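Colleague: One structure, pasted below without further comment.
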Amino acid sequence: MTPAEILGAAMLGALVLYALLGGADYGGGIWDLLASGPRAREQRALVERAIGPIWEANHVWLVLVVVVLFTGFPAAFAAISTRLFVPLTLLLLGIVLRGAAFTFRTYDTPRDEVQRRWGLVFSGSSLLAPMMLGVVVGTIASGGRGSFSAFSLLTGLFAAGLFAFLAAAYLAVEAEGELREDFRRRAIAAGAAVFLLAAATAAASAREAPLVFRGLTGRAFSLPLHLATGAAALLAFAALFRRRVRLARLAAAAQVALIVVGWGASQHPFLVVPDLTLESASAPRNVQVLLAWALGAGAVVVFPCLYLLFRVFKGERPFSAIDRARDGP
Amino acid sequence: MDDLLWARWLFGTSLAFHIVFAAVGVAMPLMMVVAEWRWRRTGDPAWGEVARRWAKGTAILFAVGAVSGTVISFELGLLWPAFMRFAGAIIGMPFSLEGFAFFTEAIFLGIYLYGWERVSPRLHLASGLAVALSGAASAFFVTLANGWMNRPSGFAMAAGLAREVDPLAAMFSPGWAEQVLHVLLSCYAATGFAVAGIHAFFLRREPANRFHLRALSAALAVGGAAALLQPLSGDFSARLVAREQPVKLAALEGQFATERGAPLRIGGLPDAEARRTRWALEIPHGLSLLAFHDPGAEVKGLEAFPRDEWPDPVKVHLAFQVMVGAGTAMALVALWGLALAWRRREVPAGRRYLLAVVLCAPLGFAALEAGWLVTEWGRQPFAVQGVLRTAESVTTVRGLAAPFWLFTALYLFLGAVTAALLWRQILHAPRGEEVPR
Ligand code: HDD
Ligand code: HEM
Ligand code: HEM
């Protein structure tokens, strides 16, 4: 692998983690927005408890992608920032309001109308941010210059749906009793929505983003990747129906990870379609080599710390896929 | 206004906003750790109360700091893509390392804030310490990047492109240590004095309140120590500027003519047309002495440089006066406090002294903002001193007034809510009889 490929893989890996962790935090916000039924209040409380200690750490994955991009591939960073000015600005708006409103709600008075007002800002921006993230990805992948095409907007909806699905699957593990049932049902509904949105996005790509469509269909790895993604999705559904929530969480995470990897693979070797590749946007080689080493060293520090964080707040087996009896409702 | 100006305003506003929260994010964890450590050592629950309440305030400030910092990292590209295309590879390294400091900071802050009842006292205190260290590390790395813009190194120019990039040499450009020291001290001084001022205000109403006494002593210890060292560090910075950015020094001091034995000007208003600085109190040979430690040294004036490479001497000189004035006042108050503490062997809490601390509360942040303006305005018209102009760095996207107003409104909103929430927390601070014993 060339240093450029190593850095590209590292960015893709960071994006996968951002989707799995930060994405689920956005999804939690979406469930705050959609909280309903007799347990709406408990649903919101669970979301708040689940993301409170971890969202700031999860958010750093995105910052990491940005700095690696501008250090390792400055030309791509400049091109993306210029071409996607509007959706990136709206993304920032969503990021700022989400984080700020979440924190303000936690520390503002517990009076109902105050809490509801912050909740609305928090959950609305939790929807805006993933939508814009999806638009950005869709535009980069399709080689668009202006922003909002039907394809990029569908990608935005798809991203929001995917994060909501993921969050519901995670929350089902963290909830108990009736509340678990709420999120289990929500995960199934969101999973179905994701399926429809995926189909619509693929159809739109055939018309508006031929490069993506070709990447999705015509490459050697396309079929196995689609099969694996589909298998993960089916497993997630099956596990949800059978109330094996930990297994469902793992399958949902695998599905999301595969989708992000699939996007990266389908546009390889382009960083920005259609003109900037990993090679052509590269910083000098010695810079990339040093950066790769720095990332390696950083990973050695960060991963154990992250494990500690999840261990403290998500229980003894933070990532386990095995449903034990006492996990059950 | 043209788009270049809107871009400068937007970027400057974003940084001026972020830096407040960033400075708090550097210094507050240290103060929390001091308070918690005193609590665990002495068992005095008033210390525990201080640590917990400070932690609550820090949680709000930290969140706003994190999101506003994210805005800046994107704005580097949104507003200055040409700068980033040129400089990304050269100074990306400190930004990337800063990314890891953000990770450890956010992780351990989560454990600290939400883990009071979940983790052992040891791990809790250690997490606080990790937050304090990571905060300092973020400031360290980002200052290295800024230092390179002032004193570019680690590359060679060929046909408008950077060649032979050496990221490590760029990261540690000449004078990095002076600048990092000054920036770190400024975070502790500004935050320490602001917090001390709040507790001093309440102590004037309720002199025996043990909660406020403890809080004041920790805040004054951190803020005062930094404020005492700051003029010394400022002298290092000034000599660095004299050596590396003579045109910035000339603007800083309102020095138009090149002269030997240049005077130090206190106050005054530079007049770029008349090429002199009016109404200043002049101390003969002062500038030569301070900048080069030699009363007869030659100081280059603005006239020694092409007119189109001058920063605006009015803005730079005035901002510099604000910083040095505030810094001097804080150092004197810190010295006074040290003398009082020395004599009485306790936190200085007399009414007159408390009043002085209250009056100093806003000065640290005023100096911090003014100092950054000195650095950034003093480097204009260059984004990278002598290499790349700000006008060449700006984006080709038009209509930047819209994002400027959008983000300005956002910052005003966030600032107002943050202030209101903190104010309410402060009003709920324990009264004398409520302080646990
Ligand atoms: C609490 C804040 C604070 C205080 C009390 C002072 N400063 Fe400062 N100063 C800063 C906060 C600051 C800063 C915001 O941190 C700057 C901006 C960029 C930098 O490196 O530090 C700065 C920059 C800065 C520079 C420009 C460095 C450059 O452009 O590279 C000089 C020459 C000084 N300072 C000198 C002083 C002196 C002589 C002080 C005497 C009391 C002083 N500062 C107090
Ligand atoms: C002027 C000097 C600066 C200092 C001293 C500083 C320091 C800090 C500190 C201590 C934090 C974390 C604490 C908090 O949130 O309060 C922070 C957050 C952040 N800063 Fe800055 N910063 C500066 C400028 C910048 C610049 C120029 C950028 C652009 C790249 C930036 C990007 C960020 C980001 C992305 C975060 C959020 C990290 C997270 O998600 O936790 N900062 N900064
Ligand atoms: C809080 C502290 C800071 C403030 C208040 C500040 C303010 C400003 C202002 C006002 C400008 C526009 C120049 C002008 O209008 O004359 C500017 C430019 C800039 N500053 Fe800072 N700045 C700060 C810290 C930093 C740091 C820490 C970095 C980077 C590490 C940085 C990077 C830049 C860049 C990249 C530009 C634009 C350069 C260009 O023109 O391409 N600034 N800053």
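The values are calculated or read from the model by the stated rules, or taken from the named source; none is laboratory data. Everything numeric here is computed off the predicted structure, so don't read it as measured data. Here the Cβ is made from the backbone with ideal geometry for all residues, glycine too, and neighbour counts use every protein chain on show.
Colleague: Here are some conditions: (1) within 18 Å of A:LEU21 (Cβ to Cβ); (2) within 8 Å of another protein chain (Cβ to nearest Cβ); (3) touching a residue at least 24 places away in the same chain (Cβ under 8 Å); (4) surrounded by 24 or more Cβ atoms within 10 Å (Cβ to Cβ). A:PRO53 meets all but one. Which one does it not meet?
Modeller: (4)
Colleague: From B:ALA162, B:ALA158, B:ALA126, grab the single residue that is away from ligand 3 (no atom under 16 Å from the Cβ) and over 28 Å from the mean Cα position of the chain (by Cα).
Modeller: Values: B:ALA162 fails: away from ligand 3 (no atom under 16 Å from the Cβ); B:ALA126 fails: over 28 Å from the mean Cα position of the chain (by Cα).
Going through B:ALA162, B:ALA158, B:ALA126 in turn, just one is away from ligand 3 (no atom under 16 Å from the Cβ) and over 28 Å from the mean Cα position of the chain (by Cα): B:ALA158.
Colleague: Has the range B:252-269 got at least one residue that is within 16 Å of ligand 3 (Cβ to nearest atom) and within 25 Å of the chain's Cα centre (by Cα)?
Modeller: Checking the range B:252-269: at least one residue is within 16 Å of ligand 3 (Cβ to nearest atom) and within 25 Å of the chain's Cα centre (by Cα).
Colleague: Also, I was wondering about something else. Listed residues B:LEU228, B:LEU144; which is more than 14 Å from every other protein chain (Cβ to nearest Cβ) and either within 18 Å of the chain's Cα centre (by Cα) or not charged (D, E, K, R) (or both)? Show your work before the answer.
Modeller: Working: B:LEU144 fails: more than 14 Å from every other protein chain (Cβ to nearest Cβ).
Only one candidate qualifies: B:LEU228.
Colleague: Given the conditions (1) at the interface with chain A (Cβ under 7 Å from one of its Cβ atoms); (2) within 16 Å of ligand 1 (Cβ to nearest atom); (3) not hydroxyl-bearing (Ser, Thr, Tyr), and given that B:PRO94 satisfies all but one, which numbered condition is not satisfied?
Modeller: All conditions pass for B:PRO94, except number (1).
Colleague: Sort out for me the helices (runs of 4 or more DSSP H) sitting completely within the range B:268-382 that have 2 or more residues that are buried (at least 16 other Cβ atoms within 10 Å of the Cβ), acidic (Asp, Glu) and modelled with pLDDT of 95 or more. Step through it out loud before you land on a result.
Modeller: Working: elements: B:286-292, B:313-344, B:351-360, B:363-379.
Here the list reads B:363-379.
Colleague: Please give the number of the condition A:GLU178 fails out of (1) without any contact (Cβ under 8 Å) to a residue 24 or more places away in the chain; (2) over 30 Å from A:LEU84 (Cβ atoms); (3) not small (Gly, Ala, Ser).
Modeller: (1)
Colleague: Of these, B:LEU15, B:LEU10, B:LEU79, which one is over 21 Å from B:ALA190 (Cα atoms), more than 9 Å from every other protein chain (Cβ to nearest Cβ) and not basic (Lys, Arg)? So that I can check it myself, show each step before the final result.
Modeller: On the way: B:LEU15 fails: over 21 Å from B:ALA190 (Cα atoms); B:LEU79 fails: more than 9 Å from every other protein chain (Cβ to nearest Cβ).
Exactly one of B:LEU15, B:LEU10, B:LEU79 is over 21 Å from B:ALA190 (Cα atoms), more than 9 Å from every other protein chain (Cβ to nearest Cβ) and not basic (Lys, Arg), namely B:LEU10.
Colleague: Does A:ARG105 satisfy the criteria of being in contact with a helix residue (DSSP H, G or I) (Cβ under 8 Å, 6 or more places away or on another chain) and within 30 Å of A:GLY264 (Cα to Cα)?
Modeller: Details: in contact with a helix residue (DSSP H, G or I) (Cβ under 8 Å, 6 or more places away or on another chain): yes; within 30 Å of A:GLY264 (Cα to Cα): no.
Considered against the rule, which asks whether it is in contact with a helix residue (DSSP H, G or I) (Cβ under 8 Å, 6 or more places away or on another chain) and within 30 Å of A:GLY264 (Cα to Cα), A:ARG105 comes out as no.
Colleague: Only one residue in B:LEU373, B:LEU412, B:LEU421 is more than 25 Å from B:PHE201 (Cα to Cα) and within 14 Å of chain A (Cβ to nearest Cβ). Which one?
Modeller: Working: B:LEU373 fails: within 14 Å of chain A (Cβ to nearest Cβ); B:LEU421 fails: more than 25 Å from B:PHE201 (Cα to Cα).
Result: B:LEU412 is the single residue among B:LEU373, B:LEU412, B:LEU421 that is more than 25 Å from B:PHE201 (Cα to Cα) and within 14 Å of chain A (Cβ to nearest Cβ).
Colleague: Among the residues of the range B:383-397, write down those that are within 7 Å of ligand 3 (Cβ to nearest atom) and in a helix (DSSP H, G or I).
Modeller: Answer for the range B:383-397, where residues must be within 7 Å of ligand 3 (Cβ to nearest atom) and in a helix (DSSP H, G or I): B:THR390, B:SER393.
Colleague: Checking A:THR139 against (1) over 23 Å from A:LEU235 (Cα atoms); (2) touching a residue at least 60 places away in the same chain (Cβ under 8 Å); (3) part of a helix (DSSP H, G or I), which test does it fail?
Modeller: (2)
Colleague: Is it the case that B:LEU144 is assigned to a helix (DSSP H, G or I) and either free of Cβ contacts under 8 Å to residues at least 12 places away in the same chain or away from ligand 3 (no atom under 16 Å from the Cβ) (or both)? Steps first, please.
Modeller: Working: assigned to a helix (DSSP H, G or I): yes; either free of Cβ contacts under 8 Å to residues at least 12 places away in the same chain or away from ligand 3 (no atom under 16 Å from the Cβ) (or both): no.
Answer is no for this residue.
Colleague: Here is a list: B:ALA126, B:ALA145, B:ALA63. Which entry is aliphatic (A, V, I, L, M) and under 28 Å from B:VAL374 (Cβ atoms)? I'd like the intermediate steps shown before the answer.
Modeller: Details: B:ALA126 fails: under 28 Å from B:VAL374 (Cβ atoms); B:ALA63 fails: under 28 Å from B:VAL374 (Cβ atoms).
Just a single option satisfies the conditions, and that option is B:ALA145.
Colleague: When the range B:241-259 is examined, which residues are found to be surrounded by 22 or more Cβ atoms within 10 Å (Cβ to Cβ) and among the hydrophobic types (A, V, I, L, M, F, W, C)?
Modeller: Across the range B:241-259, the qualifying residues are B:VAL241, B:ALA242, B:VAL247, B:LEU249, B:ALA250, B:ALA251, B:LEU252.
Colleague: Then there's this: In this structure, is A:VAL121 facing chain B (nearest Cβ under 7 Å) and part of a helix (DSSP H, G or I)? Spell out the reasoning first.
Modeller: Working: facing chain B (nearest Cβ under 7 Å): no; part of a helix (DSSP H, G or I): yes.
Judged against the criteria, A:VAL121 is not a match.
Colleague: Of everything in the range B:321-360, what is more than 16 Å from ligand 3 (Cβ to nearest atom) and either under 15 Å from the mean Cα position of the chain (by Cα) or within 14 Å of chain A (Cβ to nearest Cβ) (or both)? Give them in sequence order.
Modeller: B:VAL324, B:GLY327, B:MET330
Colleague: Suppose we filter B:ARG151, B:ARG204 for residues that are under 30 Å from B:ALA429 (Cβ atoms) and charged (D, E, K, R); which single one remains? So that I can check it myself, show each step before the final result.
Modeller: Working: B:ARG151 fails: under 30 Å from B:ALA429 (Cβ atoms).
Answer to the selection: B:ARG204.
Residue-by-condition table, conditions (1) facing chain B (nearest Cβ under 9 Å); (2) closer than 24 Å to B:LEU406 by Cβ:
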{"residue": "A:GLY23", "(1), (2)": "no, no"}
{"residue": "A:GLY28", "(1), (2)": "no, no"}
{"residue": "A:ALA57", "(1), (2)": "yes, no"}
{"residue": "A:ALA79", "(1), (2)": "yes, yes"}
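Colleague: Also, quick follow-up: Considering A:THR89, A:THR103, which residue is surrounded by 24 or more Cβ atoms within 10 Å (Cβ to Cβ) and at the interface with chain B (Cβ under 7 Å from one of its Cβ atoms)? It would help to see each step written out before you state the result.
Modeller: Numbers: A:THR89 fails: surrounded by 24 or more Cβ atoms within 10 Å (Cβ to Cβ).
A:THR103 is the lone residue from the list that is surrounded by 24 or more Cβ atoms within 10 Å (Cβ to Cβ) and at the interface with chain B (Cβ under 7 Å from one of its Cβ atoms).
Colleague: Quick one: which residue in B:SER173, B:SER186 is within 16 Å of ligand 1 (Cβ to nearest atom), more than 26 Å from B:PRO430 (Cβ to Cβ), among the hydroxyl-bearing types (Ser, Thr, Tyr) and surrounded by 24 or more Cβ atoms within 10 Å (Cβ to Cβ)?
Modeller: On the way: B:SER173 fails: surrounded by 24 or more Cβ atoms within 10 Å (Cβ to Cβ).
Going through B:SER173, B:SER186 in turn, just one is within 16 Å of ligand 1 (Cβ to nearest atom), more than 26 Å from B:PRO430 (Cβ to Cβ), among the hydroxyl-bearing types (Ser, Thr, Tyr) and surrounded by 24 or more Cβ atoms within 10 Å (Cβ to Cβ): B:SER186.
Colleague: Moving on to the next point. For the range B:162-198, what are the residues that are within 14 Å of chain A (Cβ to nearest Cβ) and either part of a helix (DSSP H, G or I) or in contact (Cβ under 8 Å) with a residue 24 or more places away in the chain (or both)? So that I can check it myself, show each step before the final result.
Modeller: Initial filter on the range B:162-198 (within 14 Å of chain A (Cβ to nearest Cβ)): B:162-172.
Of everything in the range B:162-198, those that are within 14 Å of chain A (Cβ to nearest Cβ) and either part of a helix (DSSP H, G or I) or in contact (Cβ under 8 Å) with a residue 24 or more places away in the chain (or both) turn out to be B:ALA162, B:VAL165, B:PRO167, B:LEU168, B:ALA169, B:ALA170, B:MET171, B:PHE172.
Colleague: Pairs under 8 Å by beta carbon, first residue among the small types (Gly, Ala, Ser) in the range B:379-396, partner within 16 Å of ligand 1 (Cβ to nearest atom) and not in a helix (DSSP H, G or I), six or more apart or different chains?
Modeller: B:GLY386/B:PRO152; B:ALA391/B:PRO381; B:SER393/B:ALA383
Colleague: Go through the range B:351-376 and report how many residues are without any contact (Cβ under 8 Å) to a residue 12 or more places away in the chain and within 14 Å of ligand 2 (Cβ to nearest atom).
Modeller: The qualifying residues number 0.
Colleague: Return a yes/no flag: does the range B:16-29 have any residue that is more than 16 Å from ligand 1 (Cβ to nearest atom) and either over 23 Å from B:ALA219 (Cα atoms) or in contact with a helix residue (DSSP H, G or I) (Cβ under 7 Å, 6 or more places away or on another chain) (or both). First the steps, then the outcome.
Modeller: Our first condition is that a residue be more than 16 Å from ligand 1 (Cβ to nearest atom); within the range B:16-29, this holds for B:29.
Those still in the list that are either over 23 Å from B:ALA219 (Cα atoms) or in contact with a helix residue (DSSP H, G or I) (Cβ under 7 Å, 6 or more places away or on another chain) (or both) too: B:29.
There is at least one residue in the range B:16-29 that is more than 16 Å from ligand 1 (Cβ to nearest atom) and either over 23 Å from B:ALA219 (Cα atoms) or in contact with a helix residue (DSSP H, G or I) (Cβ under 7 Å, 6 or more places away or on another chain) (or both).
Colleague: Moving on to the next point. I'm checking my understanding of the structure. Among residues of the range B:97-108 that are under 30 Å from B:GLU164 (Cα atoms) and away from ligand 3 (no atom under 12 Å from the Cβ), which one is farthest from the other protein chains (Cβ to nearest Cβ)? Show your work before the answer.
Modeller: Step one: list which residues in the range B:97-108 are under 30 Å from B:GLU164 (Cα atoms), which gives B:97-102.
Right, trim to away from ligand 3 (no atom under 12 Å from the Cβ) and you get B:97, B:99-102.
On the way: B:LEU97: 6, B:GLY99: 5, B:PHE100: 4, B:ALA101: 9, B:PHE102: 5 Å.
This residue is B:ALA101.
Colleague: Go through the range B:109-138 and give me each residue that's at the interface with chain A (Cβ under 10 Å from one of its Cβ atoms) and over 17 Å from B:ALA22 (Cβ atoms).
Modeller: Answer for the range B:109-138, where residues must be at the interface with chain A (Cβ under 10 Å from one of its Cβ atoms) and over 17 Å from B:ALA22 (Cβ atoms): B:GLY110, B:ILE111, B:TYR112, B:LEU113, B:TYR114, B:GLY115, B:ARG118, B:VAL119, B:LEU123, B:SER127, B:ALA130.
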